[in-house]
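Asker: The structure follows.
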């Protein structure tokens, strides 16, 4: 028994060191964002700033149009999340609760499209969006989400299949239509699953870099990730402390999600991996 | 009989009503672009004038293109060297986390997962800073340990390991999947092995690994597909350099398409990538059939 306890303690120490290493980049980001430009370039680097230059944050916010980029990112992430949750739930209902000929084949094809890498469709999508006249706007980054997405259809369909048919049949006998059932029964029942799907989609869109890079060329429409990379390539190596301040500000929303909803995200990974439930 | 076809027709209408948005999205945003991409790959297309059919020329040029060969080599380097190392780390950490019990593990698990939520651009910028050869903290630590420090992203040899080092920070998702699988391994198996006097290593290799092999397969397939499309971190940190040492196929496609407007050539490169991903996924699933252990049901 004693030997076991020691073993456990050693493992906890190793894991704690691992966590410290994992958290170090974030510590470093914050520390560097608070240094003066003189202290920044010092070698050896100071592990803790001599004076906290909170003014770096104020400077950053003006230096790059931070609030504009923040708003753009928030708009894209929110709009695409709302659309994706509603549409995927709607479509998942059609796959889970309506028995129609050809359903299984169409579902299999849907899953097959998950195999198509974004890299392959990136060029034609650009040309398509150009033809739609979407390229001068944020539309390429959120409208497609209103037409559901294979991962979420799969995930929500699993969830809906767990809702007993008797519940639905009773309502059907009372004359409720499928649309009514979806809106009034299934949608409220699936709130936890929708929260998980929404969180993942929001975080994914908040983080995304490649799609904004390809589809957005107007600087006024830049997202935070795009703005950061533009700022870096324009002023690379010069104003690093401002860049780090902007990086910290960009990370804050995901940190908030992490603190309040990491439980949901972790549950979600369990379910989407298809290994459970 | 007639009634049955009648209801099934009605159901078909209702079904299509629900699935409709997806069928439209699938066609417009997936299937049509997928087909178009194949068509463009057989043409010369600069966006400024309509595509001109050139047959398989793009593909022939690709394999003669030194830059593309380098991009393929670099991408395989990340998939075959970097990715297995990060997966191994995820597996080891998951086994350690599992061994300390659900209660104490939760906090650690969340901490390991956190970097996965941070935008790739932010991670990349932080890495550029930490691994800066002149004033970066990383080389400062190394010099304290008496290790002469490489130039990392300024050195064609060390740039790839630098990117791989960064990718360790993204293993949280894999860890969570391994933990879920570990939780499902029946305790009786370990108990029986313990009674037989089996060592810890024996138990891990003979019980744990086979029992969680479906999770290993899942993480391998998903992670491999993602690594083949590696883009953001090398694009931000090095732009593919120095000396093309971190140029991935993803960056090659992007550059060809949106910097040089070689839409056809870029599409051909994308199709080469797709075929590689598809073939290797197929191969992995095929090979795993005899190895991966699925419990009944």
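The values are calculated or read from the model by the stated rules, or taken from the named source; none is laboratory data. Only a predicted model underlies this, so the values are computations on that prediction, with no experimental measurement involved. Cβ coordinates were reconstructed from backbone atoms using ideal geometry, including for glycine residues, and neighbour counts include every protein chain displayed.
Asker: With respect to the numbered conditions (1) surrounded by fewer than 16 Cβ atoms within 10 Å (Cβ to Cβ); (2) at pLDDT 95 or above; (3) facing chain B (nearest Cβ under 8 Å), which one is the sole condition not fulfilled by residue A:75?
Answerer: (3)
Asker: Pick out the one residue from A:199, A:187 that is in a helix (DSSP H, G or I) and within 11 Å of another protein chain (Cβ to nearest Cβ). Let's see the steps before the verdict.
Answerer: On the way: A:187 fails: within 11 Å of another protein chain (Cβ to nearest Cβ).
Result of the check over A:199, A:187: A:199.
Asker: Any residue at all in the range A:122-134 that's away from chain B (no Cβ under 11 Å), outside any helix (DSSP H, G or I) and surrounded by 14 or more Cβ atoms within 10 Å (Cβ to Cβ)?
Answerer: yes
Yes or no, residue by residue, for (1) at the interface with chain B (Cβ under 7 Å from one of its Cβ atoms); (2) surrounded by fewer than 22 Cβ atoms within 10 Å (Cβ to Cβ); (3) modelled with pLDDT of 90 or more:
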residue: A:205; (1), (2), (3): no, no, yes
residue: A:210; (1), (2), (3): yes, yes, yes
residue: A:227; (1), (2), (3): no, no, yes
residue: A:235; (1), (2), (3): no, yes, no
residue: A:245; (1), (2), (3): no, no, yes
residue: A:251; (1), (2), (3): yes, no, yes
residue: A:258; (1), (2), (3): yes, yes, no
residue: A:273; (1), (2), (3): yes, yes, no
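Asker: Quick check on the range A:18-26. Is at least one of its residues touching a residue at least 12 places away in the same chain (Cβ under 8 Å) and on the phi < 0 side of the Ramachandran plot? Give the derivation first.
Answerer: So the first thing to find is which residues in the range A:18-26 are touching a residue at least 12 places away in the same chain (Cβ under 8 Å), and the list is A:26.
Then drop every residue that is not on the phi < 0 side of the Ramachandran plot, which leaves A:26.
Yes.
Asker: Mind checking which residues of the range B:124-144 are more than 7 Å from chain A (Cβ to nearest Cβ) and not in a loop (DSSP other than H, G, I, E, B)?
Answerer: Scanning the range B:124-144 gives B:124, B:127, B:128, B:138, B:139, B:141, B:142, B:143, B:144.
Asker: Just to be sure before I move on: is residue B:92 without any contact (Cβ under 8 Å) to a residue 60 or more places away in the chain, within 30 Å of residue B:187 (Cα to Cα) and part of a helix (DSSP H, G or I) in the structure I sent?
Answerer: Values: without any contact (Cβ under 8 Å) to a residue 60 or more places away in the chain: yes; within 30 Å of residue B:187 (Cα to Cα): yes; part of a helix (DSSP H, G or I): yes.
Here the answer is yes, as residue B:92 does meet what is asked.
Asker: Quick one: is residue B:62 assigned to a helix (DSSP H, G or I), surrounded by 14 or more Cβ atoms within 10 Å (Cβ to Cβ) and out of contact with any helix residue (DSSP H, G or I) (no Cβ under 6 Å at 6 or more places or on another chain)? Before you say what the answer is, go through the steps one by one.
Answerer: Numbers: assigned to a helix (DSSP H, G or I): yes; surrounded by 14 or more Cβ atoms within 10 Å (Cβ to Cβ): yes; out of contact with any helix residue (DSSP H, G or I) (no Cβ under 6 Å at 6 or more places or on another chain): no.
Taking the combined requirement at face value, the residue does not satisfy it.
Asker: Kindly indicate whether residue B:221 is buried (at least 17 other Cβ atoms within 10 Å of the Cβ) and not in a loop (DSSP other than H, G, I, E, B). Please lay out each step first, then the result.
Answerer: Details: buried (at least 17 other Cβ atoms within 10 Å of the Cβ): no; not in a loop (DSSP other than H, G, I, E, B): yes.
No, not satisfied.
Residues checked against (1) at the interface with chain A (Cβ under 9 Å from one of its Cβ atoms); (2) in contact with a strand residue (DSSP E or B) (Cβ under 8 Å, 6 or more places away or on another chain); (3) surrounded by fewer than 16 Cβ atoms within 10 Å (Cβ to Cβ):
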position: B:6; (1), (2), (3): no, no, yes
position: B:18; (1), (2), (3): yes, no, no
position: B:32; (1), (2), (3): yes, no, yes
position: B:41; (1), (2), (3): no, no, no
position: B:46; (1), (2), (3): no, no, yes
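Asker: What is the number of the single condition among (1) touching a residue at least 60 places away in the same chain (Cβ under 8 Å); (2) away from every other protein chain (no Cβ under 13 Å) that residue B:272 does not meet?
Answerer: It fails just one condition, (2).
Asker: I want to confirm something. Restricting to the range B:224-233 and keeping residues that are part of a helix (DSSP H, G or I) and touching a helix residue (DSSP H, G or I) at 6+ places or on another chain (Cβ under 7 Å), which single residue is nearest to residue B:123 (Cα to Cα)? Break it down into steps so the answer makes sense when it comes.
Answerer: So in the range B:224-233, the residues part of a helix (DSSP H, G or I) come out as B:224-228, B:232-233.
Imposing the further condition that a residue be touching a helix residue (DSSP H, G or I) at 6+ places or on another chain (Cβ under 7 Å) reduces the set to B:224-225, B:227-228, B:232-233.
Values: B:224: 20, B:225: 21, B:227: 16, B:228: 19, B:232: 10, B:233: 8 Å.
Filtering the range B:224-233 for residues that are part of a helix (DSSP H, G or I) and touching a helix residue (DSSP H, G or I) at 6+ places or on another chain (Cβ under 7 Å), the one nearest to residue B:123 (Cα to Cα) comes out as B:233.
Asker: Okay, moving on. Of everything in the range A:83-100, what is facing chain B (nearest Cβ under 9 Å) and either at pLDDT 90 or above or buried (at least 20 other Cβ atoms within 10 Å of the Cβ) (or both)? Give them in sequence order. If you could, list the steps in order and put the result at the bottom.
Answerer: Here is the first cut: in the range A:83-100, the ones facing chain B (nearest Cβ under 9 Å) are A:87-88, A:90-95, A:97-100.
Once the filter is applied, which keeps residues that are facing chain B (nearest Cβ under 9 Å) and either at pLDDT 90 or above or buried (at least 20 other Cβ atoms within 10 Å of the Cβ) (or both), the range A:83-100 yields A:87, A:88, A:90, A:91, A:92, A:93, A:94, A:95, A:97, A:98, A:100.
Asker: Among the residues in the range A:34-49, are any within 27 Å of the chain's Cα centre (by Cα), crowded, with 16+ Cβ neighbours inside 10 Å and under 24 Å from residue B:131 (Cα atoms)? Working first, answer last.
Answerer: First, pick out the residues of the range A:34-49 that are within 27 Å of the chain's Cα centre (by Cα): none.
Checked against the condition, which is being within 27 Å of the chain's Cα centre (by Cα), crowded, with 16+ Cβ neighbours inside 10 Å and under 24 Å from residue B:131 (Cα atoms), the range A:34-49 yields no hits at all.
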